[in-house]
Structures are given as structure tokens and as C-alpha cells.
Amino acid sequence: MWIPTKLYEALPAIYLTTGLTMILCALYIGMDAGLMVGYVVLGSGCVFAGILVHAMRFNARVRARHSQS
């Protein structure tokens with residue numbers, strides 16, 4: 001599957017923004033809503049995915065830079 005370069009480069013930021021937004025929405029709706037736990041779990045997963053993708057790309061670029069030297 002081909003993804004445009006600009007979208008591909010922005011994915012970690014999109015994941016982080018989506019995750020933080022979901023967590024903030026869960027805090028806004030409060031403990032009374034049954035969906036709060038789901039929002040927090042999905043939001044945390046998105047934040048984790050964003051950090052993971054960013055770290056994997058960073059490590060790959062560092063290794064590529066070192067292999068060129």
C-alpha cells in the first residue's frame with residue numbers, strides 16, 4: 001500500500017495528537033460515562049503507537065547514517 005510522503009512523515013504526530021485528544025475527551029466526559037475506559041485505552045494505544053513509530057524511524061535513520069560513513 002502506497003501512502004503519500006507527507007502523510008507518511010506526519011503519521012507519528014497524527015497518532016500522538018489523536019491519542020492525546022481521546023484521553024482529554026475521556027477526562028472531559030468524566031468517570032460517569034461507561035465509554036471513558038475505552039477512550040483512555042484507545043488513546044493510550046495511539047500515543048504508544050506514535051512514540052513507537054517515531055523511535056523506529058529515528059533508529060533506522062541513525063543506522064543508515066552510520067552505515068554510509
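Can you compute the FRET efficiency between SER67 and SER44 using 1/(1 + (r/R0)^6), with r the Cβ-Cβ distance and R0 = 35 Å? Round to the nearest 0.05.
Given R0 = 35 Å and the Cβ-Cβ separation, E is 0.50.
When only C-alpha pairs under 8 Å and at least 6 residues apart count, what is the relative contact order of the chain, in percent?
37 percent
In deg cm²/dmol and to the nearest 500, what is the mean residue ellipticity at 222 nm of the chain if only DSSP H runs of at least 4 residues count, each as -39500 (n - 2.57), divided by the residue total?
Result for the chain, helices only: -30500 deg cm²/dmol.
In the set [x] 3, 17, 18, 17, 14, 11, 8, 5, 3, 2, 1, 0; [y] 4, 20, 33, 27, 14, 1; [z] 3, 13, 16, 15, 11, 12, 15, 12, 3, 0, which value of P(r) over Cα pairs in 5 Å bins from 0, in percent was calculated from the structure you see?
Label of the calculated value: [x].
Bear in mind that the values in this text are calculations on the coordinates, not laboratory data. Predicted, not measured: the structure shown is a model, and the values here were computed from it. Glycine gets a Cβ as well: all are built from the backbone with ideal geometry, and neighbour counts include every protein chain shown.
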